[in-house]
Amino acid sequence: MTKIVNHWIGGKTVEGTSGNWGPVTDPATGAVTTKVALASAEEVDAAVAAARAAYETWGTSSLAQRTTVLFKYRALLDAHRDEIAALITAEHGKVHSDALGEVARGLEIVELACGITVQLKGELSTQVSNRVDVAAIRQPLGVVAGITPFNFPAMVPMWMFPLAIACGNTFVLKPSEKDPSAANLLAELASQAGLPDGVLNVVHGDKVAVDALLEHPDVAAVSFVGSTPIARYIHTTASANGKRVQALGGAKNHMLVLPDADLDAAADAAVSAAYGSAGERCMAISAVVAVGAIGDELVEKIRERAEKIKIGPGNDPTSEMGPLITAAHRDKVASYVTGAAAQGAEVVLDGTGYTVDGFEDGHWIGLSLLDKVSTDSDAYRDEIFGPVLCVLRADTYEEGVRLINDSPFGNGTAIFTRDGGAARRFQLEIQAGMVGVNVPIPVPVGYHSFGGWKDSLFGDHHIYGNDGVHFYTRGKVVTTRWPDPSEAPAGVDLGFPRNH
């Protein structure tokens with residue numbers, strides 16, 4: 001029997017009424033296992049209305065009330081890690097260990113939200129003038145929305161709504177329709193933790209639902225993670241409708257390997273960062289820049305390691321990489337490999353013909369490694385979002401940095417070297433929002449913020465950390481002057497001497 005995924009509005013499951021449904025496949029088998037309701041504009045209105053009604057009390061609730069719920073929520077998420085991860089594997093395809101890692105990284109932001117009392121402390125200046133004090137406070141925005149991608153169906157939503165609701169907002173989440181089940185479980189567990197009805201709502205859908213959120217007059221802010229073209233559209237459309245926007249886009253993350261680097265460590269890092277989660281992550285290393293004469297040796301070490309990666313169903317404990325999310329995406333990723341040689345690349349590994357015995361209809365692709373890739377080739381210019389690693393050559397450090405900085409993307413980058421001075425120069429000179437030094441995937445911990453530069457970010461705020469708190473609140477400055485008690489009107493005795 002096909003599973004049905006409906007909306008979560010006002011603290012309960014609400015059946016879809018639009019008549020439109022989307023298929024959800026098991027990437028390992030290619031079979032449609034689930035259908036998800038695709039919301040109409042009216043159904044989005046209902047979710048926003050529930051959030052708006054809940055904000056009347058949640059927006060003025062005490063910090064103690066909010067954090068009590070969040071601590072209970074954190075405990076429930078921890079207890080249901082395996083269940084959440086299993087849903088991710090079933091619909092996204094990533095191996096169970098990757099899915100568990102995703103849940104763990106999402107939990108970091110829930111933990112940050114549990115300690116929100118520190119982040120929401122204001123400022124006070126006393127006696128700025130005679131008997132005048134000035135206080136700066138932060139208050140919630142109201143109803144805010146999140147639009148999240150398929151590649152991290154639990155983690156990215158948890159980058160958003162825990163902080164938003166901790167700050168006193170209410171939230172409408174529109175997750176990817178390709179793997180929707182994890183989002184509903186996150187909402188159900190929040191309700192079990194005591195989150196009031198309507199504070200967190202989930203509406204599933206496609207562009208109809210997205211546009212309804214971007215245009216809705218009661219939505220104050222929109223958070224988005226996805227591809228650069230959609231991020232640009234989200235930012236432009238929501239901003240035109242007067243909303244605050246943080247829209248994180250795509251990436252082409254580079255790893256610069258200097259001649260003094262530990263090549264075994266660099267090769268290990270390149271393989272895990274390029275092929276982990278089947279390359280379907282915005283922080284994947286998709287371009288290695290080998291400096292000097294080390295290129296051939298580094299490519300050989302990467303090839304040796306890549307050939308040993310075991311590909312199979314995500315629920316098989318022996319699998320190290322799973323399938324891609326859809327057959328269409330698999331075919332698009334493969335096209336970059338099949339066309340690479342004609343654009344000057346040396347195809348060291350070609351994974352396009354890979355299948356898994358017994359799962360021939362799954363969305364399989366093997367690991368591909370392209371060497372001596374040119375910067376004007378499709379495989380380099382586009383965000384492939386699959387297990388394809390490009391290796392480029394540079395004669396000098398300066399040439400490598402210039403190559404990286406010429407990319408329109410500026411999400412994350414890394415350098416591998418034993419030289420502290422070179423690493424220091426790199427972190428100052430490189431044009432990217434997140435930098436790793438001998439760390440291939442420099443995703444910040446929860447109490448620092450995540451975000452890129454250039455075409456990898458549209459809006460002024462990065463996500464989670466202090467930037468996330470600032471995004472979900474707005475500042476207010478209060479200037480106060482009180483007369484001294486000794487100046488009380490005649491006949492009113494406050495017990496203060498009149499000659500004070």
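Quick notes on this one:
- Output for the stretch 281-312, where each listed residue is closer than 21 Å to Lys94 by Cβ and crowded, with 24+ Cβ neighbours inside 10 Å: Cys282, Ala284, Ile285, Ser286
- Within the stretch 108-154, tally of residues that are surrounded by 15 or more Cβ atoms within 10 Å (Cβ to Cβ), of a type in the set (A, V, I, L, M, F, W, C) and more than 23 Å from Glu320 (Cα to Cα): 14
- Scanning the stretch 240-263 for residues that are free of Cβ contacts under 8 Å to residues at least 60 places away in the same chain and closer than 21 Å to Phe426 by Cβ, we see that the one that is least open to solvent (accessible area, probe 1.4 Å) is Leu263.
- Tally of residues being open to solvent by 70 Å² or more (accessible area, probe 1.4 Å) and touching a helix residue (DSSP H, G or I) at 6+ places or on another chain (Cβ under 8 Å) across the stretch 55-71: 1
- Unmet requirement for Ala273, which otherwise passes all of (1) more than 30 Å from Pro387 (Cβ to Cβ); (2) touching a residue at least 40 places away in the same chain (Cβ under 8 Å): (1)
- For the stretch 160-177, the count of residues that are more than 28 Å from Ala328 (Cα to Cα), hydrophobic (A, V, I, L, M, F, W, C), in a strand (DSSP E or B) and open to solvent by 20 Å² or more (accessible area, probe 1.4 Å) is zero.
- Residues that are in contact with a strand residue (DSSP E or B) (Cβ under 9 Å, 6 or more places away or on another chain), among the polar types (S, T, N, Q) and either open to solvent by less than 20 Å² (accessible area, probe 1.4 Å) or closer than 16 Å to His216 by Cβ (or both), drawn from the stretch 7-47: Thr34
- Selection within the stretch 445-455 - touching a residue at least 40 places away in the same chain (Cβ under 8 Å) and over 12 Å from the mean Cα position of the chain (by Cα): Val445, Tyr447, Trp453, Lys454, Asp455
- Residues of the stretch 178-190 that turn out to be of a type in the set (A, V, I, L, M), closer than 19 Å to Glu43 by Cβ and open to solvent by 10 Å² or more (accessible area, probe 1.4 Å), as a count: 0
- Of all residues in the stretch 313-334, none are within 27 Å of Ala422 (Cβ to Cβ) and either free of Cβ contacts under 8 Å to residues at least 24 places away in the same chain or open to solvent by 10 Å² or more (accessible area, probe 1.4 Å) (or both).
- Leading residue by the ranking (surrounded by the fewest Cβ atoms within 10 Å (Cβ to Cβ)) among those in the stretch 347-383 that are among the charged types (D, E, K, R) and either in contact with a Pro (Cβ under 7 Å, 6 or more places away or on another chain) or closer than 16 Å to Ala306 by Cα (or both): Asp350
- Neighbours by Cβ (under 6 Å, 6+ apart or cross-chain): first from the stretch 473-485, among the aliphatic types (A, V, I, L, M); second surrounded by 11 or more Cβ atoms within 10 Å (Cβ to Cβ): Val477/Ala136; Val478/Ala135
- Looking only at residues of the stretch 410-441 that are open to solvent by 30 Å² or more (accessible area, probe 1.4 Å) and hydrophobic (A, V, I, L, M, F, W, C), we find that the one that is nearest to the chain's Cα centre (by Cα) is Ile441.
- The condition of being basic (Lys, Arg), without any contact (Cβ under 8 Å) to a residue 60 or more places away in the chain and open to solvent by 60 Å² or more (accessible area, probe 1.4 Å) holds for only one of Arg74, Arg52, that being Arg74.
- Some residue of the stretch 294-302 being farther than 18 Å from Val348 by Cα and in contact with a strand residue (DSSP E or B) (Cβ under 9 Å, 6 or more places away or on another chain): no
- Test for Ala270: is it crowded, with 24+ Cβ neighbours inside 10 Å, assigned to a strand (DSSP E or B) and of a type outside the set (Asp, Glu): no
- Any hit, the stretch 449-467, residues being more than 26 Å from Tyr233 (Cβ to Cβ) and of a type in the set (Lys, Arg): no
- Residues in the stretch 208-227 include at least one that is in contact with a Pro (Cβ under 6 Å, 6 or more places away or on another chain), touching a residue at least 60 places away in the same chain (Cβ under 8 Å), within 24 Å of Gly465 (Cβ to Cβ) and not in a helix (DSSP H, G or I).
- 3 or more residues at pLDDT below 95: qualifying helices (runs of 4 or more DSSP H) within the stretch 31-141: 116-119
The values are calculated or read from the model by the stated rules, or taken from the named source; none is laboratory data. Keep in mind that this is a model prediction, so the values were computed, not measured. A quick note on method: Cβ atoms are made from the backbone with ideal geometry, for glycine too, and the neighbour counts reach across all protein chains shown. Ligands, DNA and RNA are excluded from the accessible area calculation, which covers all protein heavy atoms including side chains. Shrake-Rupley method; radii C 1.70, N 1.55, O 1.52, S 1.80 Å.
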